[in-house]
Every structure is written in structure tokens, then in C-alpha cells.
Amino acid sequence: MRILHVLDHSIPLHSGYTFRTLAILREQRRLGWETVPLTTPKQGPGKEREETIDGLLFHRTPSAPGVGVLAQMKLTAARIAEVARATMPDLIHAHSPVLNALPALWVRRSLHIPVVYEMRASWEDAAVDHGTTREGSLRYRLSRALESFALARADQITTICEGLRGDIAARGIARERITVIPNAVDVADFRFGLAADPALRARLGLDGCTVLGFAGSFYGYEGLQLLVDAFARLLPARPPLRLLLVGGGPQDAALRAQAAAAGLDGKVIFTGRVPHDEVQRYYELIDVLAYPRLPMRLTELVTPLKPLEAMAQGRIFVASNVGGHRELVRHGETGFLCKAGDAGALAAALDDVLARQGEWPQIRRQARRFVEQERTWAASVARYAEVYRRALAGRGLAVPAALGA
């Protein structure tokens, strides 16, 4: 069984997208399937056609800076066809965005290879989030129309959560063609119950402090300005409290300015970006994590990875009650939820959680058990077998023995 994966980008770039992709590739190989990952020009300009990283061979799409959207898709289609002719895959698995699905569908017309489309987020919503368009605008409607066009023509569709499954079905797609392959974690990658590194704690000035925190990319939708505001509200009654922000991104300068304007210098600690293999050391410094995502269409529909990673580590956290979080978090059992978009509600929830430390050991155990039993990558990736069987059978093609009966 050979699958040609068409990807927006991959390692060595770091993002939730690349981590999910890496987990899929590794688990599919453990199942005995052969994976052929190919990245589009979004990986970045360059002339390399192949690159081996962590033992995985990635096919690249050579490109130059400033390539437009249509040219990107043409380059991608040509590269898919070239790699497909060389590797003879059983099917093409195109992952978001739709700019990957459309070229895969073009190639299907000539090579007659079934296409599975994995919509991790809709293109129109991603465009709104990144500020390149406005919801309801002509560009938004055209983006949505292209997404719907690709979904209607894919042989099978996968997505990452029930929120997106509902959105796809609302476009007129039959629910039986849509399979949820949920985000998950490899629990072996996350250490549970380890004490914080005393040297790192001292270096960051956190000795004797209770630490709130966030680790990840500083995008607008994460709502980190609310976290800084909530921290400022809590500090007068809790002088030993500190806020640790690990990472960086578009909101970095604004958050630093906000903290300085509120007189929080030395109380809010910005680490900057840290190597991925070092992130857990910083997690271990944080007593309560916060995920204050703002209420918007993207966050209502899409489930993030971070709360699952927190559960795997047995971290206590508060998350806003957007739909993507509600689908993951069992309030009071595996984590805590609060009203989205409200700094006062976030402050109250954090204060309440800090006052309930006697309950933390049980919540940590319950959270870890949840991911071990329900959200492992092995269990999630096994669901692709039925998707691939349907895609092949729908085209009248033989189903490889590797997919089972």
C-alpha cells in the first residue's frame, strides 16, 4: 500500500500542521504502508527536489520567491504527476489547504489515481484569521466556493474534528463520505509528573513563584492579550504570581508593549522561541497553563493540539469555551473551561483553579488516562484504512491486502 501525501509544508518547519503530519507518516509506516510525502512551494523557495529528515524522504517542489497562487498550483500539479509516475502510488492523500487538493484532482484526471482530501481547516477561514480577507467579502466567498468544489469532487474526505465535519456536511457533502481522524498525541513523547528543572527556574527568576503560562505561537486568535490582562488583575492579591510566555509570533511585540504599559516588567517573562525538544522543560515550570482562544469561526470549528499535549503531561490548564476546546476538554475532569473573549472570566477561572490545588493530582491522572485511552496517534491513524478502502473501491480498484478485509 503506497500513499502519496501532498502537504503544504513539513519538518524541519515547526507547526501543529507539521507535527500532525509527522505522526501520520510514522504511524502509517508502522502499519506497513509506504508513504511518499511531497511538499508544495509553500515549503519555501529553493531548488532541492528531495530532502531526508529524521529518516523520512520528502519530495520538494522547486520554486522561486514571489510565486503567485495559480503558479503555485501549476507547479504543485506538475510535481505531483512527476512523483506519482515515478512511485506509482495507490492513492493521493492531499492535505489542507485547498491549493493542494485542486492540483491533486487535476492529476487524477490524467493518472486515474483516487484522491482523499484532508481538510484540517477551511481555506476561507484561514484567510480571515491571517488578515488577508474579510468574512463575507467577495474573496471570502470565492475561497469558500473553491473549498466546496474540491470537497464535492474528492473520492473521500477526512477532517480533524466534529466541528469541521459539520461544516463540510453543511456544504451538501454526504456525511458518509466524511471521516474524522482526530488530533492525538504519542503519549510516550510526553513525560508525566516530572519536577521542574531548578536551574532553569532560577535562571528565569521563578524561584518561590506560582507560574501561569502559555507555550506556542503568538497568533491573534490565541487571545494572549486577555491572558496578560487577566494576570494583571490577579497579581495584586497574589504577589508571587508570574506569567511565562514561551514562543513568539505576530503578536509578540504587541504583548510585550501591553505588559510594559501595565507595569508588569519582570512579572511577565518572555522566553522567545525555544527549540522544540526543549519545550517540555518550560512546560514543567508552569503550574497552570492558559489557552484563551478568542471566539471566532476558526476556533469554534477547529480542535487544537495544545490541550491534548497538556493532558499527556498531566498539566493543569484553563481553556476558553470555544467549540474546538469544548470538543476536547471535559470541564473539571481533564481541564477547566471559561467564557471565551472575557479577561474577567479568565481571571476568575484561573483564580478558582489556583485555589483548588488539592484536586490537581486527580485531574492530572484523569487527563493522562483520557489521552492514553482515546487520543493516541495509533488509534487515530488506524482509521485511514477504511477511508482508503472506500476511495479505492469507489473507483473500482483493487484494495491492497495491507488495508485488511
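Among the candidates Glu327, Glu333, the residue that is surrounded by fewer than 22 Cβ atoms within 10 Å (Cβ to Cβ), at pLDDT below 95 and either within 19 Å of the chain's Cα centre (by Cα) or outside the structural domain of Ile24 (by TED's automatic domain parsing) (or both) is uniquely Glu327. Each residue in region 260-293 was checked for being in a loop (DSSP other than H, G, I, E, B), without any contact (Cβ under 8 Å) to a residue 60 or more places away in the chain and of a type outside the set (Gly, Ala, Ser), and 5 pass. For Tyr283, the requirement of being surrounded by fewer than 23 Cβ atoms within 10 Å (Cβ to Cβ) and among the aromatic types (Phe, Trp, Tyr) is met. Hey, does region 4-24 have a residue that's loosely packed, with under 15 Cβ neighbours inside 10 Å and in contact with a helix residue (DSSP H, G or I) (Cβ under 6 Å, 6 or more places away or on another chain)? Within region 4-24, one or more residues are loosely packed, with under 15 Cβ neighbours inside 10 Å and in contact with a helix residue (DSSP H, G or I) (Cβ under 6 Å, 6 or more places away or on another chain). Within region 72-91, being assigned to a loop (DSSP other than H, G, I, E, B) and either buried (at least 20 other Cβ atoms within 10 Å of the Cβ) or of a type in the set (Ser, Thr, Tyr) (or both) holds for Pro89, Asp90. Within region 27-41, being buried (at least 18 other Cβ atoms within 10 Å of the Cβ) and either assigned to a helix (DSSP H, G or I) or hydrophobic (A, V, I, L, M, F, W, C) (or both) holds for Glu27, Gln28, Trp33, Val36, Leu38, Pro41.
From Phe214, Phe190, Phe231, grab the single residue that is within 19 Å of the chain's Cα centre (by Cα), aromatic (Phe, Trp, Tyr) and crowded, with 21+ Cβ neighbours inside 10 Å. Explain how you work it out, then say what you get.
On the way: Phe190 fails: crowded, with 21+ Cβ neighbours inside 10 Å; Phe231 fails: within 19 Å of the chain's Cα centre (by Cα).
From the options Phe214, Phe190, Phe231, the qualifying one is Phe214.
Only one entry of Ala257, Ala312 meets the criterion of being farther than 20 Å from Cys209 by Cβ, of a type in the set (Gly, Ala, Ser), touching a residue at least 24 places away in the same chain (Cβ under 8 Å) and assigned to a helix (DSSP H, G or I), and that entry is Ala312.
Just wondering, is there one or more residues in region 206-220 that are assigned to a helix (DSSP H, G or I) and under 29 Å from Ala348 (Cα atoms)?
Taking region 206-220 and keeping what is assigned to a helix (DSSP H, G or I), we get 220.
Right, trim to under 29 Å from Ala348 (Cα atoms) and you get 220.
Taking every residue of region 206-220 in turn, at least one turns out to be assigned to a helix (DSSP H, G or I) and under 29 Å from Ala348 (Cα atoms).
The values are calculated or read from the model by the stated rules, or taken from the named source; none is laboratory data. Please read all numbers here as calculations on a predicted model, not as lab measurements. Here Cβ is always computed from backbone atoms with ideal geometry, including for glycine, and neighbour counts include all displayed protein chains.
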